[in-house]
Each structure stands twice: as C-alpha cells, then as structure tokens.
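Input: a single structure, listed below in structure tokens.
The values are calculated or read from the model by the stated rules, or taken from the named source; none is laboratory data. Being a predicted model, the structure only gives us computed values, none of them experimental. Surface areas here come from the heavy atoms of the whole protein model, side chains and all, with no ligands, DNA or RNA. Shrake-Rupley method; radii C 1.70, N 1.55, O 1.52, S 1.80 Å.
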Amino acid sequence: TILKDNQIPDHQKKQAASDYSIRKKKKEKKKKKKSSSSDEEGKKKKKKKKKMVLAEPTDARGKIHHYLQTNCRPFGLCQVLAKTQVERGVAEAMLDQLIRNELVASKTIGNNKIYWSVEHQACSIDEIEGYQKKAADYKTQMSQIEKEITTIAKKTKALLAQPTNVELDENLIQAESILNEITSKVETATSRGTITKPQMQQATKEHNNLLSTWIQRKRACHEIIDDLSENFDMTKKTFIAHIEEFSTFETDEDFSKIPLPPPKPIPLATSKKFNYVRRPAYRK
C-alpha cells in the first residue's frame, strides 16, 4: 500500500530527512577526499617537474640560499657565516625563513645545527653507476681528442717550419748560381787532363814542405810577439794595437782574401789505381 504524505507520521518524516542529510554529507566528504588527493598528486607531479632555480645572491637571504643550492651538502652555521659574510642574527633569521618556506631543511646534532637545500634530490645507485660509465666514456674520448690535437699541432709546426713560396724561389735562385759556379770549376778542372801518381806525390811533398815552413815562421812570430809584450808589460792584444797605431800590421787571420792552409799535412797517394783530377787554385 502506498501512503500519501498526509498519511505518513511525523517521526518517520524526521528520520527520513536525517538519513538523507547524513547520506549527502558522506557523498560530499568522499568528493572532497578525491579532489584533495588528486590535487596533492598534481602538486607532487608539478614539484617533480619543477627544476631547481638558483637564487640571486643580492641580499642576505639570496646569498645564503644560493650558497646552500650550489653546494650539495649540509653546513653548519659557522660555515655559512664564513662563506656568505652575513651577520649571525641576520643569518639565523634568514635560515628560519627559508625553513618555513620549505626551501631549506635543518637537523640538530648535539649542540650544533646543520642546514641543507631541500631542492637537491639524491641520486639512486643505478643513476650513479650510469654517471660513472658516462664519465669513463668521456675520459676515453678526451684522451683520443688530446692525441689528435698533439698530432695536428706537430703537423702544423712542421708546416710552419717549411719555407714559403717566395723563400723557395730565392733558395732556388741561390742554388742555381752555386751549381753554375761548381760546374764551371769542374769544367776548367777536367779540361786540364788527369794527374799521374808521381806528379801528385811531388805536389803533396811541396805542399807539406811549404806548410811546415809557414808553421815554423808563424810560431817564431808568435814567440817574438810574446817576448816583446812581456818586456813591455802588456798583453798580446794591447801590444799589437800599439804597433798598429804607428805602422800597418796585419795577421794571416785578418787577411781573409786568402784562406789559411789546413793544419795537418796531406798524406801521400799510395793506392795502385790512381787517377786524381787537377784542382784549380781556390780563392774566396
């Protein structure tokens, strides 16, 4: 049987209204929980996506925050004061403010209190191993690049040491002039014919005799100059300089037009097969 509204008693109406209000409140609570949980998850995702932005070290708070961000490890208050050059009271107030803003965390160990930046996230073991592998790969790449740089530097040094086109042209002209002089000397030497063994032996004997007489005279001249310089209490150079003031005085070394003979005598030719070419007199 369906009862009309007028037939329902008052106590039943009140109970039904209270039950309806209770069910409505439960539904609203469930909706609020879902919305709050979804908001918290969204905030967490947003927090994960956010990158750390370094604070600008313009004021005391910025200096302290920037120092804790750039150094990923905990610091005591004395270390923060020494690095940031901020007064103790100001630093404590700024650190408390950063802790309230959840940018910095702290922990008391005994009588000391340490601070660190919350924005630094700790790496996992797999990430650390991956970073180590990357570092090893980068080291091998750097060693290869350094080897390539050394080879390129050696090549560039060798190329820079080589003469330019203008210098090569000048060297070529000089070499051609020297070659022409040598060829002319060789032609004049070969045009006079060959020298026999006895002629060469006689020429070497005469040369050695002249060389020995020249050496004897040079030694005698040196001995005379030494004796005279000792008698006048002068060195050899000062004595020769005094002589040059009154008369023309020159030595074999100063007279550079004729080259000096070799100090040792020329050995005699004793080989069976002998065919020397006559050499012209050499003059500078």
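With 31 Å as the limit on Cα-Cα distance, the pairs of Lys185/Lys205; Lys185/Lys264; Lys32/Lys107 that go past it are Lys32/Lys107. The accessible surface of region 96-146, taken with every protein chain in place and a 1.4 Å probe, is 51 percent carbon and sulfur. Residues in region 130-248 average 87 Å² of solvent-accessible surface per residue, probe 1.4 Å, ligands and nucleic acids excluded. Per residue, the average separation of C-alpha pairs within less than 8 Å and at least 6 apart gives region 67-196 a relative contact order of 19 percent.
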